[in-house]
Every structure is written in C-alpha cells, then in structure tokens.
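Novice: Supplied in structure tokens, the structure appears directly below.
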Amino acid sequence: DTEVTQTPKHLVMGMTNKKSLKCEQHMGHRAMYWYKQKAKKPPELMFVYSYEKLSINESVPSRFSPECPNSSLLNLHLHALQPEDSALYLCASSQDRTGGRTDTQYFGPGTRLTVL
Amino acid sequence: AQTVTQSQPEMSVQEAETVTLSCTYDTSENNYYLFWYKQPPSRQMILVIRQEAYKQQNATENRFSVNFQKAAKSFSLKISDSQLGDTAMYFCAFMRGIQGAQKLVFGQGTRLTINP
C-alpha cells in the first residue's frame, strides 16, 4: 500500500486566518516532505522531515510552520498568508534507509489552497 | 546544483500509438536516481518509473520504459500502446544518491494528450 492522505482537499482562507494542512502515511516511512506547486509548474520543495526532525528548510517564510508530531503525521500550519501563497500543497513520504540509500517519494493528492 | 530539462512543453498522439518524452539533466554526481512522475487532471502525482544510475539496464514497467544514457545525461520515457488514461502532465525528476532524505529536482513538465 503506497497511500499518502492529505486533508482538507480544498481550503479557502483570509489573510488573517490561521489554518493547518494535514498529511498522514502508514507505510512506515521515516521521511516526509512538503512541496508547493503553482499552476502549470513543477513542485518546489519546502520542508523535509527525517526521523521526525526537520532536516531541510528551503528558506520558506515563517508564515509557514511545519510540524511532525510522530512518524506517521506531518502538519503545515499557516498564518498570515498572502494571495501569492495560493497553490497546490503536496505531501510526500519515503523510506529513509540507513546505509546511504534514499528511496522513492510517494505523493498525496494535495490540498488546493486559496488565500483571499 | 542539479538541473533537469524537458524540451517538449506539449505533445499529442493518437490512442494506441507510441510516444517518447525527452529529459536531460546536469549533475556532477555519480550516484543518483531518476524518476518519471505523471500528474493527471486529478492532480495526484503518481510514480511511473524509477532508474538507479548505477544500473545499466533500462527500467521497464508494463507499457512504460526508459532509455537511460548516463554519459549523455539523457533519460527519455517511452509509452507504448498509449491509452486515454495516459493523458497527464509528465515530470522528469532527479534525486541525489547520498544518505538521508533528499529533494526531488523536477523538470518543467511535458503535457501529454492522448486523442481517441
């Protein structure tokens, strides 16, 4: 089973709102990722968690705050967003094997975020 | 830094035809992974095929196969007996083969349309 789930599917929020995106996987993967995808563009990496610790932050503005409560869950907390933050937010997970091997990333269906 | 280039923004073929999507990449690494993902209008990013750079044999998955030319840094995807369900945006992606979770570097994508 290579399923990654994301909630909600759609989210509309004002610039003063606080909201959260949720991602869940039950494949035993130890690495989880947040990507942002604008229309007709490829995904761009935002954050990587490895073994529940933040390992990569691609200079993302502080209005995006990631959280990894446990190895199966990844949240993205949103606060004071701008209209240009409207995009598809994709979560992915992968094995983070020891011994130097990385593995395939499996993606969730995404959350379509609109900031008014 | 690694870069991935997909030179065909759009392609269109008739159902049952064979189509080849091009991808080139630039890296100084010797150990890495290459992927093709498809993203249909439903927006879920789906793994199509994966290739390890140290393997000389080209990867195949049913109707999907790759032509991996390491020296030329080329990684094309061939879809045989194309079906309407193959209509999607196809992204070529690169991942470094070093230890730990790594980001995917995507090309700009090729929008493929299969016509009945």
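Novice: Quick check, is B:Asn58 part of a loop (DSSP other than H, G, I, E, B), within 18 Å of B:Cys23 (Cα to Cα) and touching a strand residue (DSSP E or B) at 6+ places or on another chain (Cβ under 7 Å)?
Specialist: For B:Asn58, the condition - part of a loop (DSSP other than H, G, I, E, B), within 18 Å of B:Cys23 (Cα to Cα) and touching a strand residue (DSSP E or B) at 6+ places or on another chain (Cβ under 7 Å) - is met.
Novice: Consider region A:23-60. How many of its residues are surrounded by 13 or more Cβ atoms within 10 Å (Cβ to Cβ), among the charged types (D, E, K, R) and farther than 17 Å from B:Met45 by Cα?
Specialist: 3
Novice: In region A:98-116, which residue that is closer than 20 Å to B:Cys92 by Cβ and at pLDDT below 95 is farthest from the other protein chains (Cβ to nearest Cβ)?
Specialist: Filtering first and then ranking leaves A:Asp103.
Novice: Within region B:20-33, work out how many residues are within 11 Å of another protein chain (Cβ to nearest Cβ) and closer than 21 Å to B:Ser7 by Cα.
Specialist: Filtering region B:20-33 down to residues within 11 Å of another protein chain (Cβ to nearest Cβ) leaves B:31-33.
Retained after the next criterion (residues that are closer than 21 Å to B:Ser7 by Cα): B:33.
Of the residues in that region, 1 qualify.
Novice: Mind telling me which of the residues B:Glu61, B:Glu17, B:Glu29 ends up being more than 11 Å from the chain's Cα centre (by Cα), farther than 27 Å from A:His29 by Cα and of a type outside the set (Val, Ile, Thr)?
Specialist: Step by step, each of B:Glu61, B:Glu17, B:Glu29 is checked, and only B:Glu17 is more than 11 Å from the chain's Cα centre (by Cα), farther than 27 Å from A:His29 by Cα and of a type outside the set (Val, Ile, Thr).
The values are calculated or read from the model by the stated rules, or taken from the named source; none is laboratory data. No experiment lies behind these values; they were computed from the predicted model shown. Note that we place each Cβ from the backbone using ideal geometry, even for glycine, and neighbour counts take in every protein chain shown.
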